[in-house]
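Take a look at the structure set out below.
Just so you know, all these numbers are worked out from the coordinates, no wet-lab data involved. Fair warning: this is a prediction, and the values are worked out from it, not measured in the lab. As a convention, Cβ positions derive from the backbone with ideal geometry for all residues, glycine included, and neighbour counts pool all protein chains shown.
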Amino acid sequence: MSWRAFLPIRGRSETTNQARLGPKSSQGRRSRSVSTQGVSNEASENGPFDETTNAYALQPVDEGFGAWSYVASAFAMFIVVWGFPQSFPIFQTYLSTGESAKHTDSVILAFLAPGLQDIEEGIMFQILPKAARYRQTLVLVGILIMMLSLLLASCATEAWQIVLTQGILYGIGGIFLNFVHVSIFSEWFDKKKGQAMGLIWLGYRVGGLGFPPVCQWLLEKHGFEQTLRVLIAPMLALLLPCLVLFRGRYPAATVISKPTQPTISKIEALRTPSVLFYLIASSLFGFVTNVPMMFITKFGADLGLNASDRALSLSMVFASNMLGTYVFGRLSDKGFHQWLMGTSALSASLIHFVLWGFIKTKYGVFAYAVCIGLASGGFRNCLFSFYSEVSGQNSELFTAIHSLFSFFDGVAILSVGPVGTALLKVSPELEIGAYAIRRYKYLVAYAGAMTMASGLLVLAPLLLRIIRLPK
């Protein structure tokens, strides 16, 4: 099969391997049935056995309790797995500065940062077992690893031990859960993938919005060790529903289905120009996607904003990012995710160059926080529509593409701190009347240029197609 079959076409795929899963159930318009051999009634958790068709009637796609209860549990999982690491800079500051600092000269503590999990995901998704019968075990083991990592981190005495436990080990446990989530996502959703993923990603934003101030308060009141131990109980409460609700539509036993088209290998799909094209565009955006989160409070401090206003500006970024994620997810289901991604990146570029470059007041910082959160919130969420185009109904291929993008996103996100700090040192002088108060002019230029390059790259094929249309 030619790689041209994978190129995006208005939000739909020409390569969807839609399997014929047996006769349609009479109980619902969108219900599916799956033919089985040698599977008892007790082997299926997903629907009753239909004696007349000799098949299992599966729960409906895009609707029903099964689909949306899975979304609810994934939302809670994202709060813990992806939201908590957004508070890692708070722990860094506490451990390396101030009167209670225990690791003031530690270089390795800088690796306790968002982005570490993305790299772990890109590696681990390739080696974790993909059979459905292992899913519940992976969820249970993942939860245990995460809770154990926090307990061990609370007993750590060296900086490398904290990074190993709270950073790496916690991330490994979270990736176990995220692997199961990604594996079953395409089983539950087809036409509403953007909307569903938008809701799930809101959990990441809720966690990013809530964990930093909560952790800051706990650290000041109870210290590092007690803070991690206190967090175990609420995290466990959010994660335990995944044991029951993280289940696929298909029975865990062997399922036999015949696709209408030949299957496509992962290697062939991952080498297609469309995947490489989007990977470059996503990486360009990823190199600066966390710049507002990491530097808006520092920028506010240089403008003279007090601590509460700086914290409020960061909260505004996360809050508006939540809204942007959901809205872009809904719109991407309409089939125009390429336009949405390009618009998101170019809007972010304009906001960096104009708003960030010229703001001098507290309310200007607030306006920038809201606008950049809205503009950049949906870029990565729109990628899930692209993953679906390439993978069709092949959940393993969907997982492979997702992990590839996650790995490169993680590398890009980890670079934000070192690169941003280096750019601030190029022009250390502070001049309020100058563009980007002088100190931030190179960082603003970097963020604006990278997002502009990403947006233009995404929109270029669409614009060329319009230009070449016969008049």
Practice problem: Set the Förster radius R0 to 51 Å, insert the Cβ-Cβ distance between Ala367 and Trp160 as r into 1/(1 + (r/R0)^6), and round the FRET efficiency to 0.05. | Solution: 0.80
Quiz item: How do Ser308, Ser154 line up, fewest other C-beta atoms within 10 Å first?
Solution: Ser308, Ser154
Exercise. May I ask you to sort Arg205, Arg330 by Cβ crowding, counting other Cβ atoms within 10 Å and putting the fewest first?
Key: Arg330, Arg205
Quiz prompt | Stokes-Einstein diffusion coefficient of the range 264-471, Kirkwood radius over Cα pairs, 4 °C, 1.567 mPa s, in µm²/s | solution = 72
Practice problem: Please state, to two decimals, what the Cα-based radius of gyration of the range 147-235 comes to when divided by 2.2 N^0.38 Å (N = residues). | Solution: 1.33
Practice problem: Going by C-beta contacts inside 10 Å, put Ile280, Ile467, Ile145 in order with the fewest on the left. | Solution: Ile467, Ile280, Ile145
Quiz item: Roughly what would the spin-label model give for Lys130 and Leu350, points 7 Å off Cα along C-beta, in nm?
Solution: 4.2
Practice problem: Note the full-extension length gain between Glu429 and Leu462 as 0.36 nm times their separation in residues minus their Cα-Cα distance, in nm to one decimal. | Solution: 7.6 nm
